[in-house]
Amino acid sequence: MEEVQTAQPSISYSPGRRIWETFKQNRFAYFSLWTVGVLAVIALLADFLAYNKPIIASYQSKVMWPIFRDYGEAMGFKLWEPELRKVDWRALNLDWALWPLVRYAPEELDLRNAPAVSPFGEQIVRSSAEWHYLGTDNLGRDVLSGLIHGSRISLTVGIVSVGIAAVIGIFLGALAGYFGDHSLQVSRATLWLGLPGILLGLYYGFYLRRYALAEALGQGFFYFLGSLLLSLLIVGGTAMLVWLPSRLLKRTAWGAHRIHLWVDLTISRIIEVIISLPTTLLIFTVVAIAKPSLFLVMAMIGVTSWTGIARFTRGEMLKVRSLDYIQAARALGYSDWRIMILHALPNSLAPVLVSIAFGVASAILVESGLSFLGIGVPPTTVTWGSLLSAARSATGAWWLAVFPGLAIFIVVTTFNLLGEGLRDAIDPRLQAR
Amino acid sequence: MTAYLIRRLLFFLPTLFLITLLSFLISQSAPGDPVEQMLAGKAAGGEQLAEKQASQQAYLEKRRELGLDLPIFYFAVAPLAEPETLYRIPRVPIQDALRRLVYKFGNWAAIQAYYEAFQRLDSAFFATANDPSWGDRRADARALLVLIPQEKEYDEILYKLRQLEGLLIPLLKPFYAEVLQKVEALPAQAQRWKIYIPTIHWYGTENQYHRWLMGLLQGDFGISYQDKRPISQKLLDAVRWSLIINIISVMLAYLISIPLGVNAAVHRGSLRDRLTGMALFMLDSLPSFWVGTMAIIFLCGGDYLNLFPPGGIQSTEHSSEWSLGQRLADWTYHLILPVLIYTYGSLAFLSRQMRTALLETLQQDYVRTARAKGLPETLVIWKHAFRNSLIPIITLLASIFPGMISGSVILETIFSIPGMGFLSYGAMTARDYPVIIAVFTIGAVLTLIGILVADILYAVVDPRITYTKR
C-alpha cells in the first residue's frame, strides 16, 4: 500500500499522539476513518433515510411525527389512531410532509414492482419521489432501503463479534503475557479448594441452567446477556463459598505451599488448537444446525476469532512487563492484578487496534457469506448478503448483483485500509522501511 | 528434526480427538429425533392399537440398529435426581421433557409414576379406536396425547391435560384421573435438594460417541437423512472435485504470487510496486461470492456475455465415450472461471506476504555481505534472499487451506460444483444433519493435515527448526 515516508514528529509527542500523527499522514487510512464515520451515521439514522412514513407530516391539519410514533409503538405504547395504524402513508393526501430520502421500508413488499424491477426500467409509482432508485429485488423490496438498513446489521455484526473477541482475547492474552509460566502463584490450599469450587460453580451456573440459557439465546441479545451474567455470578459465588475455608487451610504447612500456574503454556496451547480449526466451516455448521439468530452468528464469530488479538496482547505484554515503570509499580507494592490492568494493559493495546480493524472486516465478510447462503440470519431480515443472493434467482437483475456486493466491498475495504493504516502507524519497524 | 515431528504429531492427535468431540457435540444439539428422521414419518403409527405397537416396535428396532439406545458418552455428569438409565426412554422429545421435569422437581419416582400412568392412558386410547362415542373429538384428543409427554413446562402439561379432559370418552376417564392425580402430586412430592448434588455415571465404551468414533476411523460417517445412502459414499464423490479445484488453485496462486511478490519487493517504492500493491489490496477485499455472482450474471449466458457455462462441471452431453482429450477440454472449460475465482483471494494474500518476507530478508546482514562481495543483484536475490524468504510463505499453506475448504461452501454453491461445499449447502437447506457434521469433520481433518504438512515442509526447508528451545 501507500508507503508513507514520515518526517519523524518531534519527540515531545506522546506515543498515542505520534501514532495519530503518522496515521493522519496516510491519506487512504485517514479517508477510511471518515468512511467509517459516515457509515456509522447512515446506520444510526437508517430510519430517517429510508422508511415508508414521513419524518414529519401534516394530515388533515394535524402535524405528526410518524417515525417517532412508530418508535413509541415499538416500545409498547399505543400511539396510532386505529384508522392510521395500517395505512399506506404514500397514498394519503397529506397537506405537507418531510419524507426520508427513500420512501420504502426495507422489508416492505412493493407488489406492483415485483419481481425485480430495474432502476432504469419501467416502474409503477405514483410520483418520481417514490422511484426505486436502485431497483427492487425478486419480492419487490426496495434495494436502496435494504442497503441503508443492512448497514446496521453489518456494522452491528462487525462491532459486537469483534467486541466479544476483544474481551476474550485481551483478557487471555494479557494473562499469558503478564504472568508467563512462573509469576502466577497460588497456595496449595487455594488450588485444591478453588478448582473444585469452580467445577461445582460450572455445574450450578451452566450445566443446570443450560435449558434456561438456550431459551434466553432464542429470546434475544439482552435476555442472553442477563442470563449469562446470572450464570457467571453463580459460578463466582459458588467458587468463593467453596474457597473460603482455604484461609484456614493456608495456615497449615501443606496448604501454604505455593504452586506456579502455567498460564502462558495453557493459553498458548488453547490458541494453537483454535487456530487449527476451520473456523468459518465451524460457524457455518453450528449456525446451520441451530435456530436462525443474528446473535448466535455474532457470538460464534467472536468466540472463534479472538486468537489473533490474544497473541498481539500477549506479545505486547511480554515487552511491557519488563519495562522500568512496571518494576517501579512493583516496588511500590501494588498487586499484580492492579499493575496488569491499570499500568501494563493500557500500553499494550495499540497493536490490538490493528487486529480489531481487520477483525471487523472479516466478521462482516463471514456474516454476509452466511446470509448469502440464507443460513443463520432470520429469512425476513434484509441484509447485504441476502440482497446479493436474490441476484441468483432473478436472472439478469444486474442491480441486485452490483449494489449489495459493492456495499460489502466498500465496507470490507474500508476496515482493511483502516487496519493497514493503523499497522503502519503503530509498528515502527515498518515505518523504517 | 525427528523430535520436532514427534512433537507435532503429539499435538495432532489430541487436536484430532478434540475435533471429533466438537463434531459430536454439535451433532447432539441438532433438533428433532434422528430415528424419526430416518424412518421419515413411518414411526408415527396409525389409529389402531396394533398399528401403534408396530410403529413403536419399528422405532425401537431402528433405534437399536443406529445405536441410539446407548448412553451418549463414556460418562455423564447429572444431578442425583436423574436416573442413570434415563437415556433408554424412547423418543428424544419425551426424554428431554422428562429430564426437564427432573430438573424442576428432583423426584424421579413421582415423575416416572406420571409417565407410566400416561402410557396406560395412551394404550387405552388406542384400544378404543373403534368406539363410536368418540364422534369427531378423537383427532383433537390424539393430537393432545402426542403433545403432552413432549411438553417441557409443568403448567403447560396441566393446561393441556385439562383441555384433554373434555374430549375423552367416559371409558378413559379413570385412566385420565390417574394421570391428573400423578401430575398434580408432583409439586408436593418434589425433592429439590437432589438436583443440587452432582453425580458422575460411568458407562464404559458401550456408548454413542465411541461407536461413532470407531465408525469414523473405518470411514463410516452414518447415513444421510435425504436419500438414505451412506454418507461416506456421497463424500467420496464430492471430495474429489473439491480437492481438484483447491489443489489447482493453491498451486496457481503460488505460481503467480511468488514472482509477483518478488517483483514488487525488488522494485520497492516504484510505481509498479505501488500499482500492484493497490491492485492486490483491492483483490484481497473483494468478496469472492460477489465476484462469483457477478461472473455468473455477466459472463455466463443470461442476458449479457456468454463466455462461460453457467456452472456445473461438465456439459449435459458429456459422456464417458468421449476421448480423454475431449473430456479434459470439457472439464477445463467448465472449471476455468471457478478456479480463477478460487485463486484470486489467496493470490492477493500470498503476494503481499511474499513481498514482506523478501523485504525482510533483504535487510539481513548476509544479503549485505553478498552484495558487498560484488555478486550480481539477480544472484543475491534469487540465491541468497529468495530461498530464505520462502519459509514463511510455505507455512502460509496451513492458513490458506482451511479458508479454501470453507470458502468452497459458497463458491461451489454459486457454480453448482458437486463438491463437499455444495453437498454441505444442500444438507443445510434440507436439514440433513449427519451430512453437515460429516463435512465439518472431514474439513477439520483436512485442515489439520494441511497444517501438519506445512509444519513438516517448514522443518524440511529450514534445518534450524528443531523446536527444542522456545
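The values are calculated or read from the model by the stated rules, or taken from the named source; none is laboratory data. Quick caveat, the model's predicted, so the values are computed rather than measured. All Cβ positions, even for glycine, are placed from backbone atoms using ideal geometry, and neighbour counts span all protein chains on display.
Observations
- Residues being buried (at least 17 other Cβ atoms within 10 Å of the Cβ), in contact with a helix residue (DSSP H, G or I) (Cβ under 6 Å, 6 or more places away or on another chain) and within 11 Å of another protein chain (Cβ to nearest Cβ) are entirely absent from the stretch B:331-344.
- When the test is whether a residue is within 14 Å of chain B (Cβ to nearest Cβ) and modelled with pLDDT under 90, A:Gly396 passes it.
- The set of residues in the stretch B:95-112 that are surrounded by fewer than 18 Cβ atoms within 10 Å (Cβ to Cβ) and more than 11 Å from every other protein chain (Cβ to nearest Cβ) comprises B:Gln95, B:Ala109, B:Gln112.
- Every condition in (1) touching a residue at least 24 places away in the same chain (Cβ under 8 Å); (2) more than 10 Å from every other protein chain (Cβ to nearest Cβ) holds for B:Leu286 except the one numbered (2).
- Note on the stretch A:367-385: residues that are of a type in the set (Ser, Thr, Tyr), buried (at least 24 other Cβ atoms within 10 Å of the Cβ) and either in contact with a strand residue (DSSP E or B) (Cβ under 7 Å, 6 or more places away or on another chain) or over 13 Å from A:Val297 (Cα atoms) (or both) amount to 1.
- Of A:Ser118, A:Ser127, A:Ser58, all but one fail to be of a type in the set (Gly, Ala, Ser) and either closer than 20 Å to A:Thr381 by Cβ or surrounded by fewer than 12 Cβ atoms within 10 Å (Cβ to Cβ) (or both); the exception is A:Ser127.
- Some residue of the stretch B:158-167 being surrounded by 13 or more Cβ atoms within 10 Å (Cβ to Cβ), more than 44 Å from the chain's Cα centre (by Cα) and not in a helix (DSSP H, G or I): yes
- Within the stretch B:247-283, restricting attention to residues that are at the interface with chain A (Cβ under 7 Å from one of its Cβ atoms) and surrounded by 15 or more Cβ atoms within 10 Å (Cβ to Cβ), the residue that is farthest from B:Glu412 (Cα to Cα) is B:Gly277.
- Tabulated pairs, the stretch B:328-353, first within 14 Å of B:Pro259 (Cα to Cα), second charged (D, E, K, R), C-beta under 7 angstrom, 6+ apart or interchain: B:Ala348/B:Asp284; B:Phe349/B:Asp284
- Residue list for the stretch B:354-368, restricted to those being closer than 10 Å to B:His384 by Cα and either within 11 Å of chain A (Cβ to nearest Cβ) or touching a Gly at 6+ places or on another chain (Cβ under 8 Å) (or both): B:Leu362
- Residue check, A:Ala216 among the aliphatic types (A, V, I, L, M), farther than 30 Å from B:Leu13 by Cβ and either outside any strand (DSSP E or B) or away from chain B (no Cβ under 14 Å) (or both): yes
- Just one residue in the set A:Gly180, A:Gly169, A:Gly201 is within 14 Å of another protein chain (Cβ to nearest Cβ), farther than 27 Å from B:Tyr196 by Cα and out of contact with any strand residue (DSSP E or B) (no Cβ under 8 Å at 6 or more places or on another chain); that residue is A:Gly180.
- Near pairs, Cβ below 7 angstrom, 6+ apart or cross-chain, from the stretch A:135-164 (at positive phi) to any residue that is among the β-branched types (Val, Ile, Thr) and modelled with pLDDT under 95: A:Gly135/A:Val117; A:Gly135/A:Val143
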